[in-house]
Amino acid sequence: MTAPLFELRGLSLTPGARAVYRDFSLTLPEGGITGIIGPNGCGKSTLLRCLAGLAPPQAGQVLFRGRPLAALAGGERARRIAFLPQDPPPQPEMTVAGLVAKGRTPWRRPFLPPSREDRRAVEAALAATGLADLRDRRMATLSGGQRQRAWLALALAQETGVILLDEPTSALDLPYQLALLRLLQDLAGAKGRSIVMVLHDLTLAGRFCDHVVGLADGQVVTAGPPANAITPEALDRLYGLRARVAPDPVFARPVVYPLE
C-alpha cells in the first residue's frame, strides 16, 4: 500500500506569539494537485513552510512518504521537495537565467561548473515559463508577473518530485494564471509530480485541483475532490460566506457564486 505524500500527526505549530495549530492532523495524497484554501491568517503559508521543513513543529510529527521529514538532511530534502514562498527574497541584480540556475544547487557538486543536465534543466524551465527571451534581463527590470514566473522557473529547474507553491498565481494576469496551472497539471499528470499549492481563487482551485483542503482556525474544515470539498456549507464555515456552488457548463467543475 502506497504511503501518503504527507501525514501530519498531532502537530503543534507556534511560529509567533500565537499557536496556529494545536494537536493538528492531516493527510495529503500522493500525486496530482492539492489546493489549500481558507481565509487570510488561517495558517496556510505556515503549513506549507512546515511541509517544506522550514517551520519545525513544537510537537507532533510530519511524515513524508512514510518517513519522518525531520530525518532528511537539508540536501536530500532539497532534491525531493521544491518550495516557492509567497514573497521570495529580492534579487535585483541577478539575471533571470542566473536565478533559475540556482534551482540546480541541490544537484551540483561543489566547485564544478554546471553539467549538461544542469543546463538542460534550466533551459527547459525557462521555456516552460515563457522566459527564454528574457533570460539575460536583470530581475530589477521585470514586472511583478515576470518575476513570479522567474521564481517558478527556479522551482521547476530543481526537478523534484514534489513542488510546494504559496499563491503562485497572485501576481499573474489571467492568461498566465491559466498557462501556469495547465503546466502544473502536465507536471502532475504526464510527469507524475505531486504539487501542493495555496490558492485564494476558489474557481481556479475547483477547476485545476484534484484534491482540496480547506483550513480555518487551525482545523481542517473540508477535504476531498473539489466537488465534495467546495460546497455552500464549507464556504460558510471557512469564510462566513453565503454562496451557491454549481458545476460550470464547460468543465463540470465547481464554480462559486457569492450571494452577499
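For the structure I just gave you, tell me whether residue 106 is under 22 Å from the mean Cα position of the chain (by Cα), assigned to a helix (DSSP H, G or I) and either modelled with pLDDT under 95 or farther than 16 Å from residue 195 by Cα (or both). Don't jump to the end; show me each part of the working.
Values: under 22 Å from the mean Cα position of the chain (by Cα): yes; assigned to a helix (DSSP H, G or I): yes; either modelled with pLDDT under 95 or farther than 16 Å from residue 195 by Cα (or both): yes.
Yes.
Any residue in the stretch 67-78 that is in contact with a Phe, Trp or Tyr (Cβ under 8 Å, 6 or more places away or on another chain) and assigned to a strand (DSSP E or B)?
Scanning the stretch 67-78 turns up no residue that is in contact with a Phe, Trp or Tyr (Cβ under 8 Å, 6 or more places away or on another chain) and assigned to a strand (DSSP E or B).
Can you confirm whether residue 91 is touching a helix residue (DSSP H, G or I) at 6+ places or on another chain (Cβ under 6 Å), polar (S, T, N, Q) and more than 30 Å from residue 67 (Cα to Cα)? Give the steps one after another, and end with the answer.
Numbers: touching a helix residue (DSSP H, G or I) at 6+ places or on another chain (Cβ under 6 Å): yes; polar (S, T, N, Q): yes; more than 30 Å from residue 67 (Cα to Cα): yes.
It is true that residue 91 is touching a helix residue (DSSP H, G or I) at 6+ places or on another chain (Cβ under 6 Å), polar (S, T, N, Q) and more than 30 Å from residue 67 (Cα to Cα).
Tell me which of these residue 227 doesn't satisfy, since it passes every other one: (1) open to solvent by less than 60 Å² (accessible area, probe 1.4 Å); (2) among the aliphatic types (A, V, I, L, M); (3) assigned to a helix (DSSP H, G or I); (4) more than 18 Å from residue 39 (Cα to Cα).
Only one criterion in (1) open to solvent by less than 60 Å² (accessible area, probe 1.4 Å); (2) among the aliphatic types (A, V, I, L, M); (3) assigned to a helix (DSSP H, G or I); (4) more than 18 Å from residue 39 (Cα to Cα) is unmet by residue 227, namely (1).
Out of the stretch 35-66, which residues are open to solvent by 40 Å² or more (accessible area, probe 1.4 Å), part of a strand (DSSP E or B) and closer than 20 Å to residue 155 by Cα?
Within the stretch 35-66, no residue meets the criteria.
Filter the stretch 132-166 down to residues that are under 19 Å from residue 45 (Cβ atoms), among the charged types (D, E, K, R) and surrounded by 21 or more Cβ atoms within 10 Å (Cβ to Cβ), then give me how many there are. Spell out the reasoning first.
Our first condition is that a residue be under 19 Å from residue 45 (Cβ atoms); within the stretch 132-166, this holds for 144, 147-148, 151-152, 154-155, 162-166.
Pick out the ones that are also among the charged types (D, E, K, R) and you get 147, 166.
Narrowing the set further to residues that are surrounded by 21 or more Cβ atoms within 10 Å (Cβ to Cβ) leaves 166.
Residues flagged as under 19 Å from residue 45 (Cβ atoms), among the charged types (D, E, K, R) and surrounded by 21 or more Cβ atoms within 10 Å (Cβ to Cβ) within the stretch 132-166 amount to 1.
State the number of residues belonging to the stretch 239-260 that are without any contact (Cβ under 8 Å) to a residue 40 or more places away in the chain and surrounded by fewer than 17 Cβ atoms within 10 Å (Cβ to Cβ).
Step one: list which residues in the stretch 239-260 are without any contact (Cβ under 8 Å) to a residue 40 or more places away in the chain, which gives 240-247, 249-250, 252, 257-260.
Going one step further and asking which of them are surrounded by fewer than 17 Cβ atoms within 10 Å (Cβ to Cβ), we end up with 240-242, 244, 246-247, 249-250, 252, 257-260.
Qualifying residue count, the stretch 239-260: 13.
I'd like to know if the stretch 176-196 contains one or more residues that are at pLDDT 95 or above, part of a loop (DSSP other than H, G, I, E, B) and surrounded by 16 or more Cβ atoms within 10 Å (Cβ to Cβ). Full working, then the answer.
Step one: filter the stretch 176-196 for residues at pLDDT 95 or above, giving 194-196.
Still in the running and part of a loop (DSSP other than H, G, I, E, B): none.
Checked against the condition, which is being at pLDDT 95 or above, part of a loop (DSSP other than H, G, I, E, B) and surrounded by 16 or more Cβ atoms within 10 Å (Cβ to Cβ), the stretch 176-196 yields no hits at all.
Counting only residues that are closer than 20 Å to residue 187 by Cβ, open to solvent by 70 Å² or more (accessible area, probe 1.4 Å) and touching a strand residue (DSSP E or B) at 6+ places or on another chain (Cβ under 8 Å), how many does the stretch 70-85 have? Break it down into steps so the answer makes sense when it comes.
First, pick out the residues of the stretch 70-85 that are closer than 20 Å to residue 187 by Cβ: 77-85.
With the extra rule that they be open to solvent by 70 Å² or more (accessible area, probe 1.4 Å), the set shrinks to 79-80.
With the extra rule that they be touching a strand residue (DSSP E or B) at 6+ places or on another chain (Cβ under 8 Å), the set shrinks to 80.
So the count comes out to 1.
Regarding residue 222, is this residue of a type outside the set (Asp, Glu), surrounded by 15 or more Cβ atoms within 10 Å (Cβ to Cβ) and modelled with pLDDT under 95?
Working: of a type outside the set (Asp, Glu): yes; surrounded by 15 or more Cβ atoms within 10 Å (Cβ to Cβ): yes; modelled with pLDDT under 95: no.
In short, no.
Considering only residues that are outside any helix (DSSP H, G or I) and of a type outside the set (Val, Ile, Thr), which ones fall in the stretch 127-164?
In the first step, residues of the stretch 127-164 are kept if they are outside any helix (DSSP H, G or I); the result is 129-131, 135-138, 142-143, 158-164.
Once the filter is applied, which keeps residues that are outside any helix (DSSP H, G or I) and of a type outside the set (Val, Ile, Thr), the stretch 127-164 yields 130, 131, 135, 136, 137, 138, 142, 143, 158, 159, 161, 164.
In the stretch 89-124, which residues are under 11 Å from residue 151 (Cβ atoms) and crowded, with 18+ Cβ neighbours inside 10 Å?
Within the stretch 89-124, 91, 96, 99, 100, 103 meet the criteria.
Which of the following residues is touching a helix residue (DSSP H, G or I) at 6+ places or on another chain (Cβ under 7 Å), hydrophobic (A, V, I, L, M, F, W, C) and either closer than 28 Å to residue 225 by Cα or modelled with pLDDT under 95 (or both): 59, 55, 17, 3? So that I can check it myself, show each step before the final result.
On the way: 59 fails: touching a helix residue (DSSP H, G or I) at 6+ places or on another chain (Cβ under 7 Å); 17 fails: touching a helix residue (DSSP H, G or I) at 6+ places or on another chain (Cβ under 7 Å); 3 fails: touching a helix residue (DSSP H, G or I) at 6+ places or on another chain (Cβ under 7 Å).
From the options 59, 55, 17, 3, the qualifying one is 55.
The values are calculated or read from the model by the stated rules, or taken from the named source; none is laboratory data. What you see is a predicted model; the values in this text were computed from it and never measured. Here the Cβ is made from the backbone with ideal geometry for all residues, glycine too, and neighbour counts use every protein chain on show. Areas reflect the complete protein model, heavy atoms only, side chains present, ligands, DNA and RNA absent. Shrake-Rupley method; radii C 1.70, N 1.55, O 1.52, S 1.80 Å.
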